[in-house]
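Notes for the one structure printed next.
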Protein chains: 2
Amino acid sequence: MNILLHGPVARRGAGLLRDHFGDRIGLIEVEDGDAPDLVARKFATADVIVSVGYGKDMPPAPKARLLQLPNSGLDDLDPGAVPAGCAVCNCFEHEIGIGEYVMAALLHWTVGLAAADARFKSGDWTDSPRLFAGFRPELAGKTVATVGYGNIGRAVAARARAFGMAVHAVTRRPRDFEPAPDWLGGIDQLDDMLPNADFVVVCCPLTAATTGIIDARRLGLMTTSAVLINVGRGPLVDEDALFAACRDRVIAGAVIDVWYGYATVGNEDVPPSRHPFHSLDNVVMTPHLSGWTDGLMPRRFAVIIDNIERLADGRPLRHQVHPG
Amino acid sequence: MNILLHGPVARRGAGLLRDHFGDRIGLIEVEDGDAPDLVARKFATADVIVSVGYGKDMPPAPKARLLQLPNSGLDDLDPGAVPAGCAVCNCFEHEIGIGEYVMAALLHWTVGLAAADARFKSGDWTDSPRLFAGFRPELAGKTVATVGYGNIGRAVAARARAFGMAVHAVTRRPRDFEPAPDWLGGIDQLDDMLPNADFVVVCCPLTAATTGIIDARRLGLMTTSAVLINVGRGPLVDEDALFAACRDRVIAGAVIDVWYGYATVGNEDVPPSRHPFHSLDNVVMTPHLSGWTDGLMPRRFAVIIDNIERLADGRPLRHQVHPG
């Protein structure tokens, strides 16, 4: 069985696949410098393709029976381009890293450890409550609201609960969840949720229906002390509206991990937005790293290895998002 | 009944006491500029003293029946100086703030949000895992070990658990705790705990027996990837040994909130240590702010008000640490 690894994310799993399967599989990597006809030959021999996406610009893969995404988002997948008879599966496992990132964001906002460290290292006791300082806010008693309540929303909820926070959520299909939020609504109740949130975490899939789901009107429904955290996809939040809301303090600020433009290998000078978010002191910005922990690839490739073995044995695949 | 507020911490509660009791009490504040004889007259009339400590250098308080500490630490209390017939009570309520601070410290260390923000704001995509970066560590699966398992240790444990961390603890008197640590030992088993910890949180009371409990030998029992977090009292950790262990990377680093020297009002030029901890890039340092949240004083003065009412009614006092 030939496993094709396409793109830098997929290629990160080469060692894990080799360690597991040894010479029971053929492992083919699409290299950055490969000529188009070599890439085409590699796709032509693939039984399994591991790739974050598949589009009409990619070579045919007539033998492929499984397109395994080493990630969850389907935004780089063109379902119409998927080879006939090829199942598509995604995987998760990033919710641990993203859950930790979101809590880091909330605590960065309230505890302000890095800023206090910098001031105290300069010999300044200003933050000492014994002398001068005010009191910082607590997470306890505050409300975190998640737009989407999938793996990420629930990972945030489990952690936020331990801090004594209330958890509110909207989701496309409200049902019994573990952990259950304190308040749960349909996505059509988003307007009801926003005014009551201290922190709004955007973590739903990007689809035609969710593009720009947080727009200027909805940012205006948040309180001026509320913080937006986007760990979903950049375009879930309207770019112009988010910049204006942060700049004009319509909201207190934002922690943004997902963007409107991305650097790629060899093209590293791409700004993440057409707006200068970097000039705003109430914005924390990171380059889409929230889920990327040292536990991620081992967990994801354990799922991928399991799916390859299921395919080989004719057993049902896990996390199938598109029929084969 | 006359309530005397002594020191800046106690004075912060003046408004809360006034709001609750109105003119049912006499509220007396010792002001920074008060002459010694005025201070002495104020102490002489006090039925209740609210003060973080009491020593032989303080005026007699013959009428005092309750010395109420607006904090938990007994290190500023000289039991031999307490007026005859005066009960001493302390209070807690800082475990929420300190628990949040400790988790902020763990996440600051692993997620590195502030550093990633600074790099990305300069236009640098280095931290993007899609391009160049390695993977950051997770808290999930790691071990946090607390030296002491009182209110603070348990607040850390409850939060760390939600992150999938293991919790180890030593305490003077091991017993059934909620939450129960995954491993619990007596304080004499500290040496067994240290080698297995990713994070060591020092949060026991400072006494003659615990002064320097973390010394050079015990820092050497920690792994080189482990981080020490001190939210107890500075002298629980040997000052010279901690500086050397951080400088020489015997341990990965430290997050230090409690110190060996303190600035006071009018004397703000006091260094926190005789060593230049501020010169070490693997040390995060804050000026004893971990517990100081906006929820602290309302919760503490609710306890203090309750104790004043208990004293007035002749009911048993709460959190009594010294007989009256």
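Quick look at the values:
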{"read-out": "Positions within region B:216-232 being open to solvent by 50 Å² or more (accessible area, probe 1.4 Å) and among the charged types (D, E, K, R), in sequence order", "value": "B:217"}
{"read-out": "In region B:145-164, the residues that are more than 10 Å from chain A (Cβ to nearest Cβ), free of Cβ contacts under 8 Å to residues at least 60 places away in the same chain and open to solvent by less than 10 Å² (accessible area, probe 1.4 Å)", "value": "B:145, B:146, B:149, B:153, B:156"}
{"read-out": "Filtered residue count, region A:258-276, keeping only those that are touching a strand residue (DSSP E or B) at 6+ places or on another chain (Cβ under 9 Å) and either free of Cβ contacts under 8 Å to residues at least 24 places away in the same chain or of a type outside the set (Gly, Ala, Ser) (or both)", "value": "4"}
{"read-out": "Of all residues making up region A:184-205, the number that are farther than 23 Å from residue A:94 by Cβ and touching an Asp or Glu at 6+ places or on another chain (Cβ under 9 Å)", "value": "1"}
{"read-out": "Counted residues, region B:130-144 - those being facing chain A (nearest Cβ under 10 Å) and farther than 16 Å from residue A:104 by Cβ", "value": "6"}
{"read-out": "Qualifying residue in region A:291-306 (condition: within 14 Å of chain B (Cβ to nearest Cβ) and more than 18 Å from residue A:69 (Cα to Cα))", "value": "yes"}
{"read-out": "The listed residue being more than 7 Å from chain B (Cβ to nearest Cβ), under 16 Å from the mean Cα position of the chain (by Cα) and modelled with pLDDT of 95 or more, out of A:71, A:90", "value": "A:90"}
{"read-out": "Positions within region B:264-285 being in contact with an Asp or Glu (Cβ under 7 Å, 6 or more places away or on another chain) and among the small types (Gly, Ala, Ser), in sequence order", "value": "B:273"}
{"read-out": "Among (1) within 14 Å of another protein chain (Cβ to nearest Cβ); (2) open to solvent by 20 Å² or more (accessible area, probe 1.4 Å); (3) within 22 Å of the chain's Cα centre (by Cα), the one test that residue A:281 misses", "value": "(3)"}
{"read-out": "Breaking point among (1) open to solvent by 10 Å² or more (accessible area, probe 1.4 Å); (2) of a type in the set (Gly, Ala, Ser); (3) over 21 Å from the mean Cα position of the chain (by Cα), for residue A:245", "value": "(1)"}
{"read-out": "Which listed residue is modelled with pLDDT of 95 or more and over 28 Å from the mean Cα position of the chain (by Cα), from A:17, A:5, A:38", "value": "A:38"}
{"read-out": "Any pair with Cβ under 7 angstrom, 6 or more apart, that starts in region B:277-294 at a residue that is within 9 Å of residue B:101 (Cβ to Cβ) and ends at one that is open to solvent by less than 20 Å² (accessible area, probe 1.4 Å) and of a type in the set (A, V, I, L, M)", "value": "B:286/A:113; B:286/A:116; B:289/A:116; B:289/A:133; B:290/B:98; B:290/B:231; B:291/B:98"}
{"read-out": "Members of region A:182-199 that are under 17 Å from residue A:227 (Cα atoms) and either touching a residue at least 24 places away in the same chain (Cβ under 8 Å) or assigned to a strand (DSSP E or B) (or both)", "value": "A:190, A:191, A:193, A:194, A:195, A:196, A:197, A:198, A:199"}
{"read-out": "Failed item in (1) under 30 Å from residue B:136 (Cβ atoms); (2) surrounded by fewer than 18 Cβ atoms within 10 Å (Cβ to Cβ), with residue B:24 passing the rest", "value": "(1)"}
{"read-out": "Pairs with Cβ under 6 Å, 6+ apart, first in region B:48-62 and touching a residue at least 60 places away in the same chain (Cβ under 8 Å), second of a type in the set (A, V, I, L, M) and in a strand (DSSP E or B)", "value": "B:48/B:3; B:48/B:66; B:50/B:5"}
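The values are calculated or read from the model by the stated rules, or taken from the named source; none is laboratory data. Note that the structure is predicted; figures quoted are calculated from it, not measured. Note: ideal-geometry Cβ built from the backbone for every residue, glycine included; neighbour counts use all protein chains shown. The protein model used for the area step is the full one, side chains on, heavy atoms only, and it has no ligands, DNA or RNA in it. Shrake-Rupley method; radii C 1.70, N 1.55, O 1.52, S 1.80 Å.
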